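Comments concern the structure below.
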Ligand SMILES: Nc1ncnc2c1ncn2[C@@H]1O[C@H](COP(=O)(O)OP(=O)(O)OP(=O)(O)O)[C@@H](O)[C@H]1O
């Protein structure tokens, strides 16, 4: 095997998604926070700006029902728009929790001054951001905000390899071969067009595609 191939990093597929929420007190910093999310290696897969009704906020935080702070938590979470984001990365759930820092923003300012709650939060309640705390809650919360999304685990290992081998590699390899022959100035645009033209699953009827962008 050539030396270069041995030292090249293995192709990598991101495997974990989590739900990030920018809460009402931080929503005016949403663009800045989204930049920090991407700078930290997360991909933003879906995004929605919504205002929760008190009933919806109660459903989202149902595990805290009965606690002293539950009524004020519901008032806070339904007080204005929030931004919900599905973000993906290796170990996304724990990485995002680490980036946002401790629940109480006052403690975060002392112990984790670089965390996002230290930067954007105020106290034990108004803490600017939410992150799912486990795979099960990530799945449930993603479904809560994006009911149409398919929250199956992303294929990994052999199942990813066989999926790609069956459905993607034959077409992409042909496209890459053509690309190397043609050497266009903008290879990415050329390849995108080639894939659209040569998509084996192309719709047989009509030529108009409409792409729905995620709502901000
Ligand atoms: N003692 C408290 N007093 C007031 N509000 C609180 C208190 N503890 C938690 N909260 C509020 O309830 C939310 C949910 O609490 P939880 O214990 O699940 O923390 P978390 O998992 O760090 O936060 P989140 O679920 O929002 O990511 C907190 O983010 C905070 O806004």
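Coordinate-derived values only; no laboratory data. Small disclaimer: the values here were computed from a predicted structure and weren't measured. Glycine gets a Cβ as well: all are built from the backbone with ideal geometry, and neighbour counts include every protein chain shown.
Length gain on complete extension for the stretch residue 15 to residue 50, per 0.36 nm per residue less the alpha carbon to alpha carbon distance?
Details: separation 35, 0.36 × 35 = 12.60 nm, distance 2.67 nm.
Computed gain between residue 15 and residue 50 is 9.9 nm.
Can you put 96, 190 in order of Cβ neighbours within 10 angstrom, beginning with the fewest? The partial results should precede the final answer.
Numbers: 96 26, 190 16.
Arranged by neighbour count, lowest to highest, 96, 190 become 190, 96.
Of all the Cα-Cα pairs you can form in the stretch 57-105, what percent are over 17 Å apart?
Percentage above 17 Å: 54.
Along each of its three principal axes, how wide is the spread of alpha-carbon positions in the stretch 7-128, in whole angstrom units, largest first?
Taking the Cα atoms of the stretch 7-128, the three principal extents are 56, 31, 27 Å.
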